[in-house]
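Any read-out appearing in this document is the output of simple, stated calculations on the displayed coordinates, not a laboratory observation. The structure presented is a predicted model; accordingly, all values stated were derived computationally and were not measured. All Cβ positions, even for glycine, are placed from backbone atoms using ideal geometry, and neighbour counts span all protein chains on display.
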Amino acid sequence: MEKHKCINCGSTDIMDVEYGTPDEDLIEKIEAGLVLHGGCAIQGLMQPYYCLDCDTRFDIQCTELFMDHLKQIHYKTNDEDILIDFHPEHLDIQVNTFRRMIPYNKELKDILNSSALEYWKTDNGNAWSMDISCPGYFRESIQLQGTDETPYTFKLFRAFLNKLTKTL
Ligand SMILES: [Zn+2]
């Protein structure tokens, strides 16, 4: 089985998490320390992996619900101010004072999705800050701050931004 890396710290010290009422088979696995039992099965809170190094539950991509409800990302660094409004078929992007509309194609969606930013832990770094708005999702807004090195999948989000801004 392919070993996933933690989206936050990059560790490979990862355990599978299973949810819901455990059957005999699962109880054995939990007792053997092979699987972590994550509690009740609650939609949106069933991340399949747990990182033993940084104590985070995560998935290697965002949930479909999060992607569907994602309305706006406001990303800021010392010299960038990027506002992205999400629509089903296009994105409205404002970089500093320059506005532009671009098609929201599968490639862009896939890169953003694989950044798994829904599960990022804020580390209060001061290289960038981000406000995510997803009205109607159980987490209606997410505020994050970090450095260029963390979280581990930050480079994928940066790749998403680069694709958007290179067309401007
Ligand atoms: Zn980790």
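Some notes on this structure:
- Counting only alpha carbon atoms, the long axis of helix 154-165 and the longest principal axis of the chain meet at about 30°.
- Three-way shape label, the stretch 96-138, alpha-carbon gyration tensor, a/c 1.5: oblate
- The Cβ shell under 13 Å around Gly125 holds other residues with a net charge of -1, Lys and Arg each +1, Asp and Glu each -1.
- Scaled radius of gyration (Cα, divided by 2.2 N^0.38 Å) that the chain gives: 1.14
- Residue with peak Gaussian network fluctuation, the chain [Cα springs, cutoff 10 Å], from Asp148, Asp13, Asp23: Asp23
- For the stretch 45-60, backbone phi angles converted through the Karplus equation (6.51, -1.76, 1.60; θ = phi - 60°) give residue-by-residue couplings of 10, 10, 4, x, 10, 10, 8, 6, 7, 10, 6, 10, 9, 7, 10, 8 Hz, Gly and Pro being listed as x.
- Length-normalised contact order of the stretch 64-165 in % [C-alpha pairs under 8 Å, at least 6 apart]: 28
- Estimated [θ] at 222 nm from DSSP helical runs (n ≥ 4, -39500 (n - 2.57)) normalised by residues in the chain, nearest 500: -6000 deg cm²/dmol
- Net +/- balance of residues flanking Thr150 in space, Cβ distance below 11 Å, scoring K and R +1, D and E -1: -1
- For Asp81, nonlocal amide neighbours, meaning residues 5 or more places apart or on other chains whose placed amide H falls under 5 Å from its own, are Asn96.
- Counting only cysteine Cβ atoms and a cutoff under 4.7 Å, the chain contains unmatched residues Cys40, Cys62, Cys134.
- Ordering of 97-105, 85-93 by burial proxy (mean other Cβ atoms within 10 Å per residue, highest first): 85-93, 97-105
- Given charges at Cβ of Lys, Arg, Asp, Glu: the stretch 14-58 dipole, positive-most of Ile27, Phe58, Ala41: Phe58
- Geometric descriptor of the stretch 1-84, per residue, is 133 Å³ (volume of the convex hull of the Cα atoms).
- Length available on full extension from Asp92 to Leu45: 0.36 nm per residue minus the Cα-Cα distance, which gives 14.0 nm.
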